[in-house]
1. How many residues, within the range 109-122, are touching a Lys or Arg at 6+ places or on another chain (Cβ under 7 Å) and either in a loop (DSSP other than H, G, I, E, B) or open to solvent by less than 10 Å² (accessible area, probe 1.4 Å) (or both)?
2. Has the range 154-161 got at least one residue that is modelled with pLDDT of 95 or more and crowded, with 21+ Cβ neighbours inside 10 Å?
3. For the range 163-188, which positions are in a helix (DSSP H, G or I), touching a helix residue (DSSP H, G or I) at 6+ places or on another chain (Cβ under 9 Å) and open to solvent by less than 60 Å² (accessible area, probe 1.4 Å)?
4. Could you check the range 57-78 and list, in sequence order, the residues that are assigned to a loop (DSSP other than H, G, I, E, B) and in contact with a His (Cβ under 9 Å, 6 or more places away or on another chain)?
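The values are calculated or read from the model by the stated rules, or taken from the named source; none is laboratory data. In this text the structure is predicted, and so the values were computed from the model without any measurement. Neighbour counts are summed over all protein chains in view; Cβ atoms, including those assigned to glycine, are modelled from backbone coordinates with ideal geometry. For accessibility, only protein heavy atoms count, side chains too; no ligands or nucleic acids. Shrake-Rupley method; radii C 1.70, N 1.55, O 1.52, S 1.80 Å.
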Amino acid sequence: MRIVTWNVNSLKARLPRVEEWLADVQPDVLCMQETKMSNEAFPALTFEAMGYESVHLGQGQWNGVAILSRVGLEAPVTNFAVGDPDPEARIVTARCGGVLVSSVYVPNGRALDHDHYQYKLRWMTQLRGHVAALSTPDDDVVICGDFNIAPTDADVYDPSKFVGATHVSDAERTVLGDLCDWGLVDLFRLQRPEPRLYTWWDYRGGDFHKGQGLRIDLLLGTPSVASRCTFAIVDRNARKGESPSDHAPVMVDVA
């Protein structure tokens, strides 16, 4: 099973690119973030014609998450399964080919002294409760998406440029670690331990071509999934060309 996460940064603006990419790569499951669409505008019929069932949680011009699956899509859960619902469209979950899959768009945080940063930390804690409510570490589970957290300094092109900034703070890495401690493995790093592999590059300053990026798009899986993971890659080609997203798709193959 090929599982992919991709922050498309507006599905309306990039639907032709996504369709072309789907036809070329043919993933079994695609988790998208920042669709920036309402549920009514989501092109479910377009994806259905390509062989994909879908579930989408939208919020118009902001946020938005979706799962596409050609291996079945059962028991969809929009928003968190436990606790207060998130007023923003940031998480959707479904069972695809026997694997519980969540597509997540973790809050950015904005600045360490901003309320949005505290929202981000609370959100990550609630995500751990969500996963625990729907599964156990012995189940086949994949949580993937734009986490807006670089797990280690090896996931940042120059850590000195991010001192005192979000995405790399101790508190953010701690709540990500708490989630992994529940029973999740970084599937990409399991296959690709080498440095300077990034998933996001700022549009400004030619950062993509300079190799100045962050690895903030993650696929986390339970041990049963990790033991069957055979391949992982960042599809940098999808970050090239005309009007790309600032994120590249990240994919793993699970036997």
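1. Qualifying residue count for the region: 1.
2. Looking for residues that are modelled with pLDDT of 95 or more and crowded, with 21+ Cβ neighbours inside 10 Å, one finds at least one in the range 154-161, hence yes.
3. Ala171, Glu172, Val175, Leu176, Leu179, Trp182, Gly183, Leu187, listed by residue number.
4. To start, the set of residues in the range 57-78 that are assigned to a loop (DSSP other than H, G, I, E, B) comprises 58-64, 70-73.
Across the range 57-78, the qualifying residue is only Gly64.
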